[in-house]
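The structure appears below as structure tokens.
Here, each number is a calculation from the coordinates, and none is a lab measurement. Since the model is a prediction, treat every value here as computed from it, not as a measurement. Glycine gets a Cβ as well: all are built from the backbone with ideal geometry, and neighbour counts include every protein chain shown.
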Amino acid sequence: MKRLEKWAKLSLLPPIGAAVIRGLGRSMRMDSQGHEQVDALYGQGRHIILAFWHAQQLMVPTGYRGPGANVLISQHQDGEIIARIISRFGHRAVRGSSTRGGALALRELIRLGRSGADLVVTPDGPKGPRQVAKLGVVQLAKATGLPIIPLAFGCSKKNSSRAGIGSWSRIHGPEGFIYGARPSGFHGMPTSRR
């Protein structure tokens, strides 16, 4: 029975999960901010370390604008489901966490970053504390020379009128917001609304 349950989780959940993420992404009006600096980095042939809080990982595939990333994912069984979901978006999993396989995963991320690949990490990790960055992401940036790009996703049913005054009227679907702050070590124009 456990084999059948494991097969069902690993075979059925990934395509369903990817379809749900795509469906949610299509049902929202996205307002992206701060991508100009990231686009400039890509225009120069550079790569990034994308960092977002652990609880916001669901919608990250809709906010990433690069060619495909290497994502740090735990070695737990749930991590295998996540790895299979992200592969459907063109990303590759690097397996490990602070509690298991972290040193090997860090070495692999450094190798990939130095070879010209985008990296994706959750600096607060699954154990927390929540929204407190650990030093791993800074060590990764130092070892690879890649800038850290923070990414956050928020969702609201709040609708804004044309005059810019917020209202709580009905809208056709929720609004999604993806924010990218100025990359670490990037000296360019200030962020502007896109």
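The table that follows gives values for the structure above.
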| item | result |
| --- | --- |
| Meets criteria (surrounded by fewer than 14 Cβ atoms within 10 Å (Cβ to Cβ) and β-branched (Val, Ile, Thr)) for residue 132 | yes |
| Elements of type helices (runs of 4 or more DSSP H) contained in segment 18-87, each with 2 or more residues being under 20 Å from residue 112 (Cβ atoms) and under 14 Å from the mean Cα position of the chain (by Cα) | 60-63, 77-87 |
| Leading residue by the ranking (nearest to residue 128 (Cα to Cα)) among those in segment 34-44 that are surrounded by fewer than 15 Cβ atoms within 10 Å (Cβ to Cβ) and touching a residue at least 24 places away in the same chain (Cβ under 8 Å) | 39 |
| Pairs where the first residue, in segment 1-13, is under 18 Å from residue 85 (Cα atoms) and the second is in a helix (DSSP H, G or I), C-beta under 7 Å, 6+ apart | 9/81; 10/80; 10/81; 10/84; 13/81 |
| The listed residue being farther than 19 Å from residue 51 by Cβ and small (Gly, Ala, Ser), out of 115, 97 | 115 |
